[in-house]
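Structure first, commentary second.
The values are calculated or read from the model by the stated rules, or taken from the named source; none is laboratory data. As the structure is a prediction and not an experimental result, all values here were calculated from the model. Neighbour counts run over all protein chains shown; Cβ positions are idealised from the backbone, glycine included. Surface accessibility is based on the protein's heavy atoms, side chains included, excluding ligands, DNA and RNA. Shrake-Rupley method; radii C 1.70, N 1.55, O 1.52, S 1.80 Å.
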Amino acid sequence: MSLVFTLVCVSLLSEVVSEERTVRYKIYEEVRPPTVIGTLASNVTWTPDKTLRTFPGIRFKLMSPSTGSFIRFRESDGRLTVEERVDRERVCKRNPRCVITFDVAFVSAEQFELFHVEVEVLDVNDNSPEFPRAECTVEISESAALGTRIALDAAEDADVGSNSIQTYHLSENAHFSIDVVTRVDGVKYAELVLVKELDRESLAFFALKLVAADGGHPAKSGATNVTVKVKDANDNSPLFDHSHYSVDVPEDTPVDSLLLDLNAVDPDEGLNGQVVYEFGKQVTKKIRQLFKLDYKTGHLTLQSPVDYEDETTYEIDVQATDLGHNPVPSVCKIIINIRDVNDNPPEIILTSITSVTDGVAHVSEATGPDILVALIGIKDKDTGANGQVSCTLNGGHGNFRLKRAYEGSYTIVTMAPLDREKIPEYNLTVVAEDFGVPPLRMVTHYIIRLTDVNDNAPIFSAKIYEGFIEENQLPGTYITTILASDQDSGLNGEITYELFDSDTNSVSRFAIMNQAGNVYALQSFNYEVTKRLDLRVQASDRGWPQLHSNAVLIINIVDQNDNTPSISQPLLVNGSSEIQLPRDAPPSYIVTRIAAKDSDAGLNAELTYKLYDGGDIGFAIDPNTGEIYINRKIAYDEYDLWKVLVTVNDNGHPSLTSTATIHFTLTESTPSNGNFYDEREDGEPKQWMLILILALTISSLLFLAILSFILCKNRKNGQKRQGYSTLPGYGKDNARPITVWKGNSMMTIAVRDPQISGKDSGKGDSDVNDSDSDISEGLKKDYTSYKGLWACTSECRILGHSDRCWSPSVSVNSRHLSTFSRTRPCSQVTLQRSSYDTQTKRSVALHSLTEDQQSQYDYIHVCSPQSQRRQDSENTDAQSPGRFTEA
């Protein structure tokens, strides 16, 4: 039996020199520990002069968990020692050759080498032959012929080779001898051979002793007592069809399958002719458990599954015996050959070269190309094509490949430089498939997680950061947060921050950062002193070598309203000042100007001047300029001394205030002509506002005027289009003729009102007899070329151009405008006389025509000059049908 172990190691060198060799060692079983088997270092460190040389950094590694419980491996020099008693029979059972194989690799600063190690365990004669029974009994008929054979029990010896059973010896007697026979499985047994005729009356039984001896030095033996009983003669013995049988049984044959139908015939009658079948005495217990022989029928069936990998051949002796008195058995030999089938998938033994945690192998991302990361051992228990295996690797993303090492072994090596930041983990799939039919495969997953090296410096999200802090804040006040990222992991990705002053390049005296990237003030800031700080932020990882990156941090100090306005003019003494006031100063005279300033910025420095006291006596102050002026006539005779209280406020929150008391002393001096307050300055915003309002008003009025003009024009045009939309060429004339047919000639009728409507009012009051209400498709087709309309009266326009108020006024004119062929009136266009007052209104409208005249007209047609039809037709509605009205 061969135990396969794999051992490999990795080299981080840029160039790897790999060589494979086989190293063989032999040891005897039962040696005492700690016997040294061998030292691998002696196979790789010999100098040319055959002296042992040691290299610093040599490391051997046994990748398998163990090479067996009795072998110890030392990584420093690859020494192999026996750790405990070695029992060959326990390790390899009855295999003729017991070899333990494993792979060892070592790496040094100069080379990488892989060893295939074989340790053969040699057998010693430490086991004696043993028979299954201390005594056995056999029977033979007194009429048995010379040369009759009876198989005896086989002895067993756990040793192999020459230390196993070599011969048998039988105690001295005159009738029997033995013949040593070797079975197909290599086991030797003895057959009892009759060499002299028997006579039951003279000797009914024989007591013999059978001794089995091995070939060891010294030899060991075992014995059993054999009793031979002689029985009365039986005329006939059963006879098998064949004395030898050979059966091929596939190892996947189902249980209870019939393997062989034995048949033995006995010519006797009665019980002497009835045959039964039994296993021979030498058939082992294991065979009896695997196979079953029917006592009556002789059917040999499979009782338990057989495995080609356990045993390939079985030899069985079957004896047939009749049921008569003193039966003489007949024996046949059956050889059962187990045939291999592809019932074992390949086995994959994958050994990582690096540490494995929870099934994940860790490989440094600094590993270069052609570096060994794992060794794969493949084996298949089947034989032939069923045991030949191909191996493939998937999931390497072009960074890992499979390389054949030797028979049944492969290595996984790198193909390209690795980068954890791109692909941090690989899930490799090793597939082993045999060539059997059908093929069987085994799949093993090998997860490689790249360990990080410090190859990435911290990265800021921006080059310049800006933070704000209000002045007068206590030390330790939070300012802002700056974060950098590092693609590395572990300590290589942990970032520390430092702040440096840009001007001195020393550690900042003004702010500090913690490891979370938060910036805090180290002192309180005064906006009036420092308005901005420029700092340099340095982010460093904790890897080796340490990597850095820098960014700029600008801290802006935000002003607070912490300074009250300071009054600089007039000069104050104890908060007050005296100002001379001419007695004859008129209104708007500027008495003095209050000037103040504020050290703050923005709204905090914008000042507003007010009179807290004194405004009721005739003084006022400009809130923006601080000019104090007289805003009305003052009775100077009442007092010689005037006093006002001025407040100066900034616009901060909260607002700060300064006050000044101004005393005005009357003098007889003449007021200066140029020292008057110009209210226009104060009114400039109001004037601009008035100008803006005035401009908007004028624009609005102009827009309304234009809009009104457009609406009026559209309305006028709409009325014209409405009145003459179907009268081309007559829209602008005051009186237009209407041509009617009377008798055999045309007559012209003068229209009373020029506003002629040819359309419905849209109010729903059209009569069904109106031309617009005519839905006769045929009539419209016949009269589309005629634009017969009624004129619209003033009353009609007032009423909204209703169909009910159409009333043209016509007069007879004998002048012929044109000649027409008289058209017969169509019955579909005959107007119904309505009892509704529509007919009454029409009769009133046609007051210039009598009922007799109306009855003489077939229809009234409004004609337009031919020259203007094309021009006016563009202004008419192309979809409106022609109107026909019959009087």
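Is there a residue being modelled with pLDDT of 85 or more and not in a loop (DSSP other than H, G, I, E, B) anywhere in the range 102-118?
yes
Of the residues Ala134, Ala144, which is on the phi < 0 side of the Ramachandran plot and open to solvent by less than 30 Å² (accessible area, probe 1.4 Å)?
From the options Ala134, Ala144, the qualifying one is Ala144.
Could you run through the range 421-475 and say how many residues are part of a loop (DSSP other than H, G, I, E, B), of a type in the set (A, V, I, L, M) and over 30 Å from Ala511 (Cβ atoms)?
Total meeting the criteria: 4.
Being without any contact (Cβ under 8 Å) to a residue 60 or more places away in the chain, surrounded by fewer than 17 Cβ atoms within 10 Å (Cβ to Cβ) and either more than 30 Å from Lys93 (Cβ to Cβ) or of a type in the set (Phe, Trp, Tyr) (or both) narrows it down to one of Val180, Val265, Val255, so name that one.
Unique residue meeting the criteria: Val265.
Can you name the number of the only condition in (1) on the phi < 0 side of the Ramachandran plot; (2) of a type in the set (S, T, N, Q); (3) part of a loop (DSSP other than H, G, I, E, B); (4) open to solvent by less than 30 Å² (accessible area, probe 1.4 Å) that Asn326 fails?
Checking Asn326 against (1) on the phi < 0 side of the Ramachandran plot; (2) of a type in the set (S, T, N, Q); (3) part of a loop (DSSP other than H, G, I, E, B); (4) open to solvent by less than 30 Å² (accessible area, probe 1.4 Å), the one that fails is (1).
Within the range 299-317, how many residues are modelled with pLDDT of 95 or more and closer than 30 Å to Asn236 by Cα?
Going through the range 299-317 one residue at a time, the tally reaches 3.
Any idea which residue in the range 559-578 is farthest from the chain's Cα centre (by Cα), counting only those that are among the hydrophobic types (A, V, I, L, M, F, W, C) and exposed (fewer than 15 other Cβ atoms within 10 Å of the Cβ)?
Val573
Across the range 382-419, what is the total count of residues that are within 19 Å of Phe102 (Cβ to Cβ) and either free of Cβ contacts under 8 Å to residues at least 24 places away in the same chain or more than 31 Å from the chain's Cα centre (by Cα) (or both)?
So the answer is 8.
Does Asn344 satisfy the condition of being surrounded by 15 or more Cβ atoms within 10 Å (Cβ to Cβ), more than 23 Å from Phe102 (Cβ to Cβ) and modelled with pLDDT of 90 or more?
Criteria not met by Asn344.
Please go through the range 603-644 and pick out each residue that is in a strand (DSSP E or B) and within 30 Å of Asp559 (Cβ to Cβ).
Leu607, Thr608, Tyr609, Lys610, Leu611, Tyr612, Ile621, Glu627, Ile628, listed by residue number.
Going by the conditions given, is Asp322 touching a residue at least 60 places away in the same chain (Cβ under 8 Å), charged (D, E, K, R) and in contact with a helix residue (DSSP H, G or I) (Cβ under 7 Å, 6 or more places away or on another chain)?
So Asp322 fits the description; yes.
Yes/no per residue for (1) modelled with pLDDT of 85 or more; (2) over 25 Å from Ile376 (Cα atoms); (3) surrounded by fewer than 18 Cβ atoms within 10 Å (Cβ to Cβ):
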residue	(1), (2), (3)
Phe55	no, yes, yes
Ile58	no, no, no
Leu62	no, no, no
Arg72	yes, no, no
Leu80	yes, no, no
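Have a look at Leu690, Leu707, Leu696, Leu656 and point out the one that is at pLDDT 85 or above and open to solvent by 100 Å² or more (accessible area, probe 1.4 Å).
On inspection, the qualifying residue turns out to be Leu696.
Restricting attention to the range 184-207, does a residue exist that is at positive phi, not in a strand (DSSP E or B) and not assigned by the TED database to the domain that holds Gln303?
yes
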